[in-house]
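To keep things clear, I will list the structure first and then write my remarks on it.
The values are calculated or read from the model by the stated rules, or taken from the named source; none is laboratory data. Since this is a predicted model, take the numbers as computed values, not measurements. Note that we place each Cβ from the backbone using ideal geometry, even for glycine, and neighbour counts take in every protein chain shown.
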Amino acid sequence: MEILATLTMLLILCSIYLLWKLYSLQRTTNCYLIDYVCFKPPPDRIVDRKSAGEIIERNRTLGLSEFKFLLKVIINSGMGVETYAPRNILEGRETSPTFDDAMQEMDEFIDMTVNDLFKKTNISPRDVDLLVINISGFSPAPSLASRIVQRYKMREDVKAYNVSGMGCSASLISIDLVRNTFKSGKKTIALAISSESLSPNWYAGKDKSMMLSNILFRTGGSAMLLTNDPAMRAQAKMRLKCLIRTHTGANDNAYNCAMQKEDDAGFVGMHLGKNLPKAAVHAFAENFEHLIPKVLPYRELALYVYRTIKQKVVKPPGKGNQAMTQIDFRTGIDHFCIHTGGPAVIDAVRCGLRLSEYDTEPSSMALHRWGNTSSTSLWYVLGYMEAKKRLKKGNRVLMVTFGTGFKCNSCIWEVNKDLGDAGAWEESINNYPPQTLVNPYLEMYGWVADETDETFNREARVEELRKLY
């Protein structure tokens, strides 16, 4: 009897221990966003109408056709006159960048952003267990991750990862890497850094599909501190609910629609092909088919299943997934952070998800104020929501990104408490939304649309531009 009683007691203790381990593991596999900081470059890096005119003036290879194309793109870009660019471009050295230009661009961003983040959270660099940095267009040796470890004297056992070549979707890839590491169950603090290097990646040729990147991309960056420690939940701003990654690179058109390549003259640049919108729609649809069950309430999910079955039975000719277009995503999501790839991207997502102008306002305003800041654009959109005090406890926030490959990544955050930190938006948030979004470049460059090859005099027009600014 004593042996039986002992074995019973051991079995009970083992069961209690296993249940405790399971409970502890579940608690430490959560991913909390402690805080984040968006980079606000100094005023001398602003791309205003004057500096934009100077860049066009010194590019001697551009003719009337290129001027008209640039005018059309910049007028429809959705950007204002307070975006930022690297110093070598503003100083007229865009076609001959140095290694130091790229490194100084990264150092300035990292110093200002990461220092501010550690100060805001009262967390020491020595507390960081995991470091992930994503910069697509610049990968020196030692890596930028190693440079940060050295600069902030992080511990010898810090796990450092350097992610490159992932394009505009890279920020959520870094978050996914952090989340997967958290699944080990060990209490961890992670520093995730996201930005893009523009200094060494200026395109100096005349291929219109590759000139787009010169106009669309602007300087930006963000740094985030995350943890799986339940003791830090009260300090955290948000908790990650789910993250979905979709990669359609097996399709040739999707893979080739956005890639770095040489043009016929040997100039390297980022090619944005005509198949890009189609690839983005396909990746977006694939991603949301996996996201829908994780975010919709049961009633909306049941309606989606019913409509999907009905569509498969009826099979209307020439129609896509009509069931998805009828979903009311606002039943499961309160706020939408859409990648600021341009007005066309934002409008396409707005129409696809049946959102209102209010829902897409943060993305449109982030595009206007900061431009397309690549992988870090989501955090400027989130910053706008926080500065406007839209984020309340219990709200759900959707983030959607698109990137080369072709990729579509999305995630859902749950807000832990009412938020209201203005951050990088502090000095400009009261000016948004502006009274008008009429493009300010139209006044200066509108004459291009009326020119012909017979009337176009480049030198005379350049002289007129100089007088204007």
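Remarks
- Taking the numbered list (1) surrounded by 21 or more Cβ atoms within 10 Å (Cβ to Cβ); (2) in the same structural domain as GLU262 (by TED's automatic domain parsing) in turn, ARG245 passes all entries but (1).
- Only one entry in LEU212, LEU243 is within 16 Å of the chain's Cα centre (by Cα) and farther than 23 Å from THR113 by Cα, namely LEU243.
- Test for THR83: is it under 17 Å from the mean Cα position of the chain (by Cα) and either on the phi > 0 side of the Ramachandran plot or not acidic (Asp, Glu) (or both): yes
- Odd one out for CYS168, checked against (1) farther than 22 Å from THR404 by Cβ; (2) buried (at least 19 other Cβ atoms within 10 Å of the Cβ): (1)
- Test: residue in the stretch 136-146 that is under 30 Å from HIS247 (Cα atoms) and within 16 Å of the chain's Cα centre (by Cα): yes
- In the stretch 146-170, the residues that are in a loop (DSSP other than H, G, I, E, B), at pLDDT 95 or above and more than 16 Å from MET106 (Cα to Cα): LYS153, MET154, ARG155, GLU156, ASP157, VAL158
- Where a residue in the stretch 178-197 is closer than 24 Å to SER374 by Cβ and its partner, wherever it lies, is among the small types (Gly, Ala, Ser) and part of a helix (DSSP H, G or I), with Cβ under 7 Å and at least six apart: ALA192/SER174; SER194/ALA170; SER194/SER171; SER194/SER174; SER194/SER375; GLU196/SER374; GLU196/SER375; SER197/ALA102
- When every residue of the stretch 187-194 is checked against the conditions, none turns out to be modelled with pLDDT under 95, within 23 Å of ALA258 (Cβ to Cβ) and of a type in the set (Ser, Thr, Tyr).
- A search for C-beta distances below 6 Å between a residue of the stretch 325-353 that is over 23 Å from GLU414 (Cβ atoms) and any residue that is surrounded by 20 or more Cβ atoms within 10 Å (Cβ to Cβ) and at pLDDT below 90, counting only pairs 6+ apart in sequence or on different chains, returns PRO343/GLY78.
- Some residue of the stretch 112-134 being small (Gly, Ala, Ser) and either within 23 Å of the chain's Cα centre (by Cα) or surrounded by 17 or more Cβ atoms within 10 Å (Cβ to Cβ) (or both): no
- The stretch 103-145, subset in contact with an Asp or Glu (Cβ under 9 Å, 6 or more places away or on another chain) and hydroxyl-bearing (Ser, Thr, Tyr), residue modelled with the lowest pLDDT: SER136
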